[in-house]
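Student: The following block contains the structure, expressed as structure tokens.
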Amino acid sequence: MNAIETQQFDTRSLQQRDSAHYMHPFTDTKALAGRGARIITRGDGIYIWDSEGNKILDGMSGLWCVNVGYGRHELVDAAARQMTQLPFYNSFFNTSVIPAIELAELLTEITPPQFNHFFFTNSGSEGNDTILRMVRRYWDVKGQPQKKTLIARKNAYHGSTVCGASLGGMSYMHEQGDLPIPGIAHIEQPYYFEHGKGMTPEAFALKAAGWLEEKILELGADKVAAFIGEPVQGAGGVIIPPPGYWPEIQRICDKYDVLLICDEVITGFGRLGTWFGHEYFGIKPDLLTFAKGVTSGYIPLGGVAVGDRVANVLIEQGGDFNHGFTYSGHPVACAVAVENIRILQREGIVERVAAETAPYLRRRFTELADHPLVGLAETCGLMAGLVLVKDKATQSVFDPQHEVGMICRGYCFSGGVIMRAVGDRMIIAPPLVITPAQIDEMIGLIRAALDSTLAEVQRRGLL
Ligand SMILES: *Cc1c(COP(=O)(O)O)cnc(C)c1O
């Protein structure tokens, strides 16, 4: 055992210091202070450890990002090398840096052929802010300045900046800070479990995509700049669109001359067994947002892949694009991204997800549907979700105020596996390097947590 593995922590003191000064994202600070945060101290492979020494299988890849797993010395070395040589220089005033050049080149190689230009940011939110400005600029330059509105979906997640939260469809985010900003419209999400009852998935796909056409006609096609969606919604609860949805969305965007944007912050870099999620669904977006998996979370980086249709107009006719960040093309972040992509390539990780681990996860995860609490269990690539129900036969759900999902999440955590609760939908997105044996271990831990949840729900008389 090395020094990191044997390190000791004073959890209580860390929790007190945490709540004294550190405001956490998406957190009720007062409630957390009463509870005390769980302090995570190290990671290796697909596992993390907390300050009490508990080993936990990270079913969420940190926050959908640690795709190549924890403890990758190649990434540490790439960062250290670049920090030593040139920790920072900007790309603003006719200057450039080698790692940003290399990353843009490598992204050209691994993205579909229409993507030949890349803009870098620090996060997915900033990527989506960049896209909003780019598509509005695109239509301005094209002489259609009235084509400004972006259509997005309810329960989508596009980040937490003013623009990201506005594009997103989280009502609890819109409630704070007078969002969404003007010029953004939302349609209903393609969630079969909630909106498709009694229809075939194929018929529901056409109906759900049809909501886009209705909204375009309502606003006027000459006012609509773009449609944005996550290939599979992540933070909304791993909402997997029914077959046929995305091709129909593409057809509608083409018909009304509306740009198609895929937010690939989660689905990019192999999560669905294809380099990008839109390839899994067979569509051809004009722009895509990436972040998270581009560096496997080792360092912040995001960006936008700009398809030729938009890039040609902005570059040939647009002149200065008055947008960017101090750290756009940060050399250390780009160097880590290049090495992360090379790891994915060298180890054939994306291919292995497609051929081996995604099919295996589907087989094992859908078996959970036989559990008395589980109404539905589905997967797409290495993303999966199940719905906790009160009554399997009628698929009736629990009263949200009982927070059964949170009860289940608690049993997962204390049992040694991280699963996220979105209402009563329990979701996972494990590191892409998870092996079949580790999938077996994860499913076993989830089943044990479901059993404990069932016992508690019975004890509380909620069934
Ligand atoms: C996480 C996420 C974002 C926001 O990325 P940040 O780096 O947190 O700003 C945007 N879109 C999707 C789909 C995400 O999952």
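The values are calculated or read from the model by the stated rules, or taken from the named source; none is laboratory data. Since this is a predicted model, take the numbers as computed values, not measurements. We place every Cβ from the backbone using ideal geometry, glycine too, and count neighbours over all the protein chains shown. Remember, those area values only see protein heavy atoms, side chains included, never the ligands or the DNA or RNA. Shrake-Rupley method; radii C 1.70, N 1.55, O 1.52, S 1.80 Å.
Student: Once both labels are modelled 7 Å past Cα along the beta-carbon direction, what's the Asp257-Arg342 spacing in nm?
Tutor: 4.5
Student: So what's the gap between the Cα centers of segment 240-280 and segment 105-119, to the nearest angstrom?
Tutor: Value for the Cα centre distance between the two parts: 17 Å.
Student: Nearest 20 debye, what's the magnitude of the dipole of segment 74-346 about its Cα centre given +1 on Lys and Arg Cβ and -1 on Asp and Glu Cβ?
Tutor: Dipole magnitude for segment 74-346 comes out near 160 debye.
Student: Here is a follow-up. Tell me the accessible surface of Arg346 in square angstrom (1.4 angstrom probe, heavy atoms of protein chains only), to the nearest ten.
Tutor: 140
Student: Out of all DSSP beta bridges with both ends in the chain, state the antiparallel percent to the nearest 5.
Tutor: Here the share of antiparallel DSSP bridges comes out near 70 percent.
Student: Express in Å², to the nearest 10, the accessible area of Thr84 obtained by rolling a 1.4 Å probe over the protein heavy atoms while all chains stay in place.
Tutor: For Thr84, the solvent-accessible surface is approximately 120 Å².
Student: Additional query: Looking at segment 362-423 from every direction and averaging, what is the projected area of its Cα convex hull in nm²?
Tutor: Mean projected area for segment 362-423: 4.4 nm², to one decimal.
Student: So, one more: Where only protein heavy atoms count, and the probe is 1.4 Å, what is the accessible area per residue for the chain in Å²?
Tutor: Ligands and nucleic acids excluded, the result is 43 Å² per residue.
Student: Taking every DSSP beta bridge that has both residues in segment 216-341, what percent is antiparallel when rounded to the nearest 5?
Tutor: 40
Student: Rounded to the nearest 5, what is the percent of antiparallel bridges among the DSSP beta bridges in segment 74-346?
Tutor: The antiparallel proportion sits near 45 percent.
Student: How far, in nm, would the chain grow between Thr41 and Ala393 when pulled straight, counting 0.36 nm per residue and subtracting the alpha carbon separation?
Tutor: 122.4 nm
Student: With r defined as the distance between the Cβ atoms of Thr161 and Phe92 and R0 fixed at 30 Å, what FRET efficiency is calculated, to the nearest 0.05?
Tutor: 0.90
Student: Still on this structure, I have one more. Multiply the residue gap between Gln146 and Gln16 by 0.36 nm, knock off their C-alpha separation, and tell me the result in nm, one decimal place.
Tutor: Taking Gln146 through Gln16 to full extension adds about 41.5 nm, to one decimal.
Student: Go through Gly318, Trp64, Pro145 and say which Cα lies farthest out towards the positive end of the charge dipole of the chain; charges sit on Cβ, +1 for Lys and Arg, -1 for Asp and Glu.
Tutor: Comparing the listed Cα positions along the dipole, Trp64 ranks first.
Student: Rounded to the nearest 0.05, what FRET efficiency do Val76 and Leu32 have when you use their Cβ-Cβ distance and R0 = 22 Å?
Tutor: Calculated value: 0.10.
Student: Taking 2.2 N^0.38 Å as the expected size of a compact globular protein, what ratio does the Cα radius of gyration of segment 343-463 give against it, to two decimals?
Tutor: 1.11
Student: What value in Å³ per residue do you get for the convex hull of the alpha-carbon atoms in segment 74-346?
Tutor: Hull volume over Cα atoms, normalised by residue count, gives 127 Å³.
Student: For Thr326 paired with Leu219, estimate the spin-label separation in nm (one decimal), with each label point 7 Å from Cα along the Cα-to-Cβ line.
Tutor: 3.4
Student: Using +1 at the Cβ of each Lys and Arg and -1 at the Cβ of each Asp and Glu in segment 74-346, identify which of Gly273, Val294, Asn340 lies farthest towards the dipole's positive end.
Tutor: It is Gly273.
Student: Order Ser19, Ser61, most accessible first, counting only protein heavy atoms with a 1.4 angstrom probe.
Tutor: Sorted descending by solvent-accessible area, the residues read Ser19, Ser61.
Student: Something else now. Rank these residues by their accessible area, most exposed first, probe 1.4 Å: Tyr47, Tyr22, Tyr245.
Tutor: In descending accessible area the options line up as Tyr22, Tyr47, Tyr245.
Student: With a sphere of radius 10 Å drawn around the Cβ of Asn322, what net charge do the other residues whose Cβ falls strictly inside it have (Lys, Arg +1; Asp, Glu -1)?
Tutor: +1
Student: Enumerate the amide H contacts of Ala185 below 5 Å, restricted to partners 5 or more residues apart or on another chain; note that Pro and chain-start residues carry no placed amide H.
Tutor: It is Leu150, Ile151, Ala152, by chain and number.
Student: So, taking all protein chains as they sit and a 1.4 Å probe, how much accessible area belongs to Thr29, in Å² rounded to tens?
Tutor: Surface accessible to solvent at Thr29 totals approximately 50 Å².
Student: Report, to the nearest whole %, how much of the accessible area of segment 88-214 belongs to carbon and sulfur atoms, 1.4 Å probe, protein only.
Tutor: On segment 88-214, the fraction of accessible area on carbon and sulfur atoms equals 55 percent.
Student: Asn116 versus Ala448, label points 7 Å from Cα toward the beta carbon: distance in nm?
Tutor: About 5.5 nm, to one decimal.
Student: From the phi angles alone, apply the Karplus equation (6.51, -1.76, 1.60; θ = phi - 60°) to segment 176-181 and give each ³J(HN,Hα) in whole Hz, x where the residue is Gly or Pro.
Tutor: 10, x, 6, 10, x, 5
Student: When the helices in the chain are scored as -39500 (n - 2.57) per DSSP H run of 4 or longer and the sum is shared across all residues, what 222 nm value do you end up with, to the nearest 500 deg cm²/dmol?
Tutor: -12500 deg cm²/dmol
Student: Let me ask you something else. Send over the semi-axes of segment 166-268's equivalent ellipsoid, whole angstrom and largest first, taken as the square roots of 5 times the C-alpha gyration tensor eigenvalues.
Tutor: Its equivalent ellipsoid spans semi-axes of 21, 19, 13 Å.
Student: Right, another one. What dipole magnitude, in Debye to the nearest 20, does the chain give about its Cα centre under +1 on Lys/Arg Cβ and -1 on Asp/Glu Cβ?
Tutor: About 520 debye.
Student: Can you give me the relative contact order of the chain as a percent, contacts being Cα pairs under 8 Å and 6 or more apart?
Tutor: Relative contact order for the chain comes out at 19 percent.
Student: Please report, ordered by residue number, every helix of the chain (full DSSP H runs) that is 20 Å or longer along its axis going by C-alpha atoms and whose mean Kyte-Doolittle hydropathy reaches 0.5.
Tutor: Qualifying helices, which must be both long enough and hydrophobic enough, are 331-346.
Student: Something else now. Using Cα-only point scatterers and the Debye equation, what is log10 of I(q)/I(0) for segment 31-127 at each q in 0.11, 0.23, 0.24 Å⁻¹, rounded to two decimals?
Tutor: For segment 31-127, the Cα-only Debye profile gives -0.56, -1.28, -1.30.
Student: What residues have an amide H closer than 5 Å to that of Ser160, excluding those fewer than 5 places away on the same chain, when H is modeled at 1.01 Å from N in the peptide plane?
Tutor: Here the answer is Ser125, Ala165, since their amide H atoms fall under 5 Å of that of Ser160.
Student: Where does the charge balance sit around Tyr47 when Lys and Arg score +1, Asp and Glu -1, over other residues with C-beta under 13 Å from its C-beta?
Tutor: -3
Student: Find the Cα radius of gyration of the chain, compare it with 2.2 N^0.38 Å by division, and give the number to two decimals.
Tutor: My calculation over the Cα atoms of the chain gives 0.98.
Student: Which percent of the accessible area of segment 1-83 is formed by carbon and sulfur heavy atoms (probe 1.4 angstrom)?
Tutor: 53
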